[in-house]
Structure formats: C-alpha cells, structure tokens
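Trainee: Can you read through this structure? Questions will come right after.
Every number here is computed from the coordinates shown, using simple stated rules; none is lab data. All of these numbers come straight from a predicted model, not from anything done at the bench. Here the Cβ positions follow ideal geometry from the backbone for every residue, glycine too, while neighbour counts run over all protein chains shown.
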Amino acid sequence: MTDASAEHFDEPGEAVAERPRARRRTTSIVPPHNIAGRALVFVIAIMTFLSCLTFGAVTLVRDTASVWEDQIAREATIQVKPAEGLDMEAALTEASQIAAQFPGVKSTRIIDRDATARLLEPWLGSGLNIDELPVPRLIIVTIDEASPPDFVAMRAAITPKLPSASLDDHRTWVDRLVAMARTTVTIGIAVLALMLTATVLTVVFATRGAMAGNGHIIEVLHFVGAEARFIAREFRRHFLITGMKGAAAGGAAAVAVFIVFSWWSSRNMATPQADQAAALFGNFAIGSLGYVGVVLMVLVIGALTAATSHVTVVAYLTDIDMRQPEAG
C-alpha cells in the first residue's frame with residue numbers, strides 16, 4: 001500500500017473519529033427541565049413571596065411605631081369635655097394659655113371645629129354640626145423632648161379652673177406601643193424562620209427526588225472515580241439556578257404588591273378612610289430599606305437552596321461509601 005493510499009484510508013478514519021467528538025455535548029447530571037423542577041420553582045416563588053410580605057409588614061409596622069413614638073414623645077393632649085353652662089371656646093383658650101406658661105412647652109394648638117368634624121367623619125358621616133353633639137375638643141401641646149414640662153404641675157393648674165379638662169401625656173400609650181412593636185417584630189422573625197425552614201425541607205425532598213431519579217448514574221460516576229465535590233457541584237449549580245428563579249419571581253411579586261398599595265394610598269389621601277389607614281400604617285411604603293431587604297431575601301433563599309442541595313448530596317454519597325464495604 002502506497003503512502004498515498006495510506007493517506008486515502010487514514011483521512012476518513014480520522015474524520016470518523018472526529019465526528020463523534022464534535023457531536024459530543026456535556027449534559028448535566030440533573031435534568032434541567034422536568035415537572036418536579038418547575039414545581040420546585042413555583043413552591044420557592046410562593047415561599048419567597050410570603051417571606052417578603054412578612055418582612056415588609058414587619059418593616060412597615062416598625063417604622064410606623066417609630067413615627068408614633070416620636071410624635072407621642074413630642075406632644076401631649078388637653079381634652080375639654082362639654083359641660084352645662086361651659087363656654088367651649090373660652091375654655092379652650094384658657095386651657096391653652098395655662099399650658100403655654102409652663103417651661104418646656106414649645107407651643108399649643110386648638111383643634112378647630114372643622115378638624116374635629118373630620119376626625120369623626122369615618123364613624124358619624126359628613127356634615128356634622130359639632131355644636132349639636134357632646135363632642136370633646138382637643139388642644140395639642142408641643143413639648144421640648146430634651147426638657148419636658150412638669151405634667152403633674154400642669155394638671156394641678158388646669159383642673160381647678162376647668163374641671164371638665166384633662167391632660168394626657170401619652171406615656172401609657174408609648175409603653176404599649178413599644179411592647180406592640182417588639183411583639184410584632186418577634187412574631188415576624190418567627191414566621192420568617194418557619195418559612196425558611198419549610199423552604200429548606202422542600203429543597204431536601206426535591207434533591208433526594210432528583211438523586212433517586214438519577215441514582216444509577218450518580219452511583220456509576222461515584223464508583224468510577226468522580227469526586228463527591230464534582231457531583232455536589234452539579235446539583236448545587238442546578239438548584240442555585242432553580243432557587244434564584246423562584247426567589248426572583250416571588251420577590252418581584254411582593255415588590256409589585258407594595259407598589260400597588262403605596263399607589264392606592266397616595267391616590268386616596270383625601271378620603272377619611274385613607275386618613276385613618278395612614279394614621280395607623282403610614283402611606284404603606286416600606287422605603288428603600290424594605291426594598292433592600294426584599295433583594296437580600298431573594299439572595300438568601302437562592303443561596304440557602306444551593307447550600308441545602310449541596311449538603312444533601314454529600315450526605316447521600318457518604319451513605320453510599322458507608323454501605324459499600326457492607327455490600328462487599
């Protein structure tokens with residue numbers, strides 16, 4: 001056989017050898033698309049959505065409680081109740097002047113008739129005539145937080161001249177508010193912990209299911225020398241992508257809910273119902289810190305999903321190694 005003919009026969013052989021190599025593609029141990037994978041993305045999205053809503057609600061309550069506490073600490077209230085023969089306007093003016101004389105009082109403000117009617121509008125309707133109803137009137141006393149006035153002396157000065165007037169420094173409400181905020185934060189943290197635990201357990205079951213479906217492939221790879229790190233890395237990468245997809249979808253849905261509530265609140269600021277809701281919860285905006293928290297929640301759930309799958313795979317392979325000597 002001549003060199004030319006050798007070349008003639010060698011070239012096709014090389015081409016045949018090269019062709020399968022060109023067609024060879026690297027496939028993942030874990031099936032990238034299956035029904036279980038899509039279900040896991042959906043479950044993680046739901047858990048992330050609920051976790052972000054819980055985090056946002058805790059942030060909202062904490063911020064609102066902080067605003068309430070600051071406002072209550074800066075203000076006291078004098079309430080003048082109607083009485084027979086009492087000139088309400090004169091009584092309001094006198095109580096305001098008495099309070100303004102005390103050191104530590106920055107200013108006093110009488111809540112006028114229209115503002116009082118607006119406060120009662122959600123319960124009694126519009127068009128109220130305050131003079132026809134036995135409605136107490138209020139005086140807002142703005143105090144110096146660094147040097148508050150002597151409230152005991154102020155009460156002693158107001159009560160003899162105006163028996164129907166009472167001073168409320170809101171200290172009881174401040175204590176209750178702080179306790180409520182702490183309880184809410186504690187409950188929110190507990191709920192978040194439960195949701196993250198449920199997510200971890202879901203990923204454990206999903207990882208075991210994926211390994212059971214590909215157990216023969218994993219065992220063969222492991223027995224022929226594939227390192228546990230390689231197999232765990234494949235699962236970790238798969239579940240990291242799955243977790244990030246679900247977490248991103250759930251986080252985006254939670255952000256959309258917060259934006260819709262904030263938009264609704266801003267569009268209905270003029271109604272009495274919105275005024276009461278704003279007094280309780282602010283403008284339903286969680287602020288930049290809340291949105292940063294949502295992003296962090298998405299990253300934490302994605303990382304937690306990957307780490308959980310990694311630990312599950314390593315434990316599975318360790319169990320195989322422990323069973324092998326027994327089988328031998």
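Trainee: 7 Å from Cα along Cα→Cβ at both residue 93 and residue 144: what's the point-to-point distance in nm?
Mentor: 2.8 nm
Trainee: For residue 74 and residue 38 in one chain, what is 0.36 nm times their gap in residues minus the Cα-Cα distance, to one decimal in nm?
Mentor: 7.6 nm
Trainee: Can you spot the lysines whose alpha carbon is less than 26 Å from residue 81's alpha carbon? Ignore those fewer than 8 places along the same chain.
Mentor: Within reach: 106, 161.
Trainee: How much length, in nm to one decimal, is gained on full extension between residue 114 and residue 264, taken as 0.36 nm per residue of separation minus their Cα-Cα distance?
Mentor: 51.4 nm
Trainee: Let me ask something additional. Just to confirm a number: summing +1 for Lys and Arg and -1 for Asp and Glu over residues other than residue 245 whose beta-carbon lies under 14 angstrom from that of residue 245, what do you get?
Mentor: So the environment of residue 245 carries a net charge of +2.
Trainee: With each label point set 7 Å from Cα along the Cα-Cβ vector, what nm distance links residue 187 and residue 67?
Mentor: 2.1 nm
Trainee: While we're looking at this one, here's another question. Of all GluC sites (Glu not before Pro) in region 41-107, which ones are in loop regions per DSSP and have a Cβ with at most 14 other Cβ atoms within 10 Å?
Mentor: Those that pass, being in a loop and sparsely packed, are 84.
Trainee: Report, by chain and number, residues whose modeled amide H sits under 5 Å from the one on residue 143, excluding near sequence neighbours (fewer than 5 apart, same chain).
Mentor: Sorted by chain and number, the residues that satisfy this are 75, 76, 106.
Trainee: Rounded to the nearest Å, what's the spacing between the alpha carbon centres of region 157-182 and region 56-81? Just the number, please.
Mentor: The two parts, judged by their Cα centres, are 13 Å apart.
Trainee: To the nearest 0.05, how large is the calculated FRET efficiency for residue 205 and residue 322 if R₀ is 22 Å and r is the Cβ-Cβ distance?
Mentor: Here the calculated transfer efficiency is 0.50.
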